[in-house]
Amino acid sequence: MKSIYSCRNWLIGLTGITLLVFFSSYGNKQVHPGLNSKMVLKFLDRNNKGDYSMPEFRKYKFYFDKIELQGQGITKDGLFSDQDETAASRGFGFFLSSEGKKTMTVSQWIAHGGMAADVPEVPASLRHFYDPTRPVGERYLTDITNAKILGTLQKYVLSNPHTDGVQWALGKPGDISEGAQDHKFTWEHGKIWMEMALREPDARKKDGYMALAWRALGETLHMIADNGCPPHVRNDAHPSRL
């Protein structure tokens, strides 16, 4: 009997540690790419099997780990975009993110999108919330974080984008905005890039468009993961490290 209680306590303790590590490390460096990878693996495992059969994909095979594509990816993460002149002019140059050429498999591009969706971090921290308990059109973040630096930025520097996480991730049909504050890797952008890739005769350009499309899918999956995190589905600006 004593050994049974010891085993039970050990399992409870291990479970607690696992949950603590998981929730304390929830972020874009490891967890979001990992969640995206698991979603891809689950899709490949279940595609066209039993009740999950999808007629659209019945004649297709997916070689996500065998094909490499060169495209635009995050080369340096940061709090602000390297295209955000306003941030740079305010002395935040050290905290700017940057993008460049990267070569990865399709699976890696989708995983990369899970990380990239949170870069730059400050705009992402204001746009990745969707509270279904609020009226339609008002489901964006209005709460001010109690983190000192980010809370101050929210109050006095940053404007509220009035955009919820679902709108931010999906985009609007036909919208290909490229401004510094626009999200370039929406679901809608991804569909456009996929179509451009299928029409493009130049192999290098085709690969580039495909890489952008798969990254856009990864950034959209980031939103799905966020919607499974309690603070992201309530008007709760959970504290950042700053």
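The values are calculated or read from the model by the stated rules, or taken from the named source; none is laboratory data. Predicted model only: the values in this text are computed from it and were never measured. Cβ: placed from backbone, ideal geometry, glycine included. Neighbour counts: every protein chain shown. Quick note on the areas: whole protein, heavy atoms, side chains included, nothing else; ligands and nucleic acids left out. Shrake-Rupley method; radii C 1.70, N 1.55, O 1.52, S 1.80 Å.
Quick notes
- When ALA225, ALA237, ALA213 are checked against the criterion of being free of Cβ contacts under 8 Å to residues at least 40 places away in the same chain and within 19 Å of TRP168 (Cβ to Cβ), a single residue qualifies: ALA213.
- The set of residues in the range 184-215 that are of a type in the set (D, E, K, R) and in a helix (DSSP H, G or I) comprises GLU188, LYS191, GLU195, ARG199, ARG204, LYS205, LYS206, ASP207, ARG215.
- Long-range neighbours under 7 Å by Cβ, at least six apart or interchain, first residue on the phi < 0 side of the Ramachandran plot within the range 57-70, second among the basic types (Lys, Arg) and at pLDDT 90 or above: GLN70/LYS101
- LYS155 open to solvent by 60 Å² or more (accessible area, probe 1.4 Å), closer than 24 Å to GLY73 by Cβ and part of a helix (DSSP H, G or I): no
- One residue from GLY174, GLY228, GLY208 being at pLDDT 95 or above and either open to solvent by less than 30 Å² (accessible area, probe 1.4 Å) or more than 24 Å from SER97 (Cα to Cα) (or both): GLY208
- Taking first residues from the range 146-171 that are without any contact (Cβ under 8 Å) to a residue 60 or more places away in the chain and partners that are of a type in the set (Lys, Arg) and surrounded by 13 or more Cβ atoms within 10 Å (Cβ to Cβ), the Cβ contacts under 6 Å between residues at least 6 apart in sequence or on separate chains come to PRO161/ARG127; THR163/ARG127; ASP164/ARG139; TRP168/ARG127.
- The single condition among (1) at negative phi; (2) part of a helix (DSSP H, G or I); (3) at pLDDT below 95 that GLU99 does not meet is (2).
- Single condition SER37 does not satisfy, out of (1) surrounded by 12 or more Cβ atoms within 10 Å (Cβ to Cβ); (2) in a helix (DSSP H, G or I); (3) modelled with pLDDT under 80; (4) hydroxyl-bearing (Ser, Thr, Tyr): (3)
- Filter result for the condition that a residue is open to solvent by 50 Å² or more (accessible area, probe 1.4 Å), at pLDDT 85 or above and in contact with a strand residue (DSSP E or B) (Cβ under 6 Å, 6 or more places away or on another chain), over ASP65, ASP82: ASP65
- For the range 103-152, the set of residues classified as touching a strand residue (DSSP E or B) at 6+ places or on another chain (Cβ under 8 Å) and in a loop (DSSP other than H, G, I, E, B) consists of VAL119, PRO120, listed by residue number.
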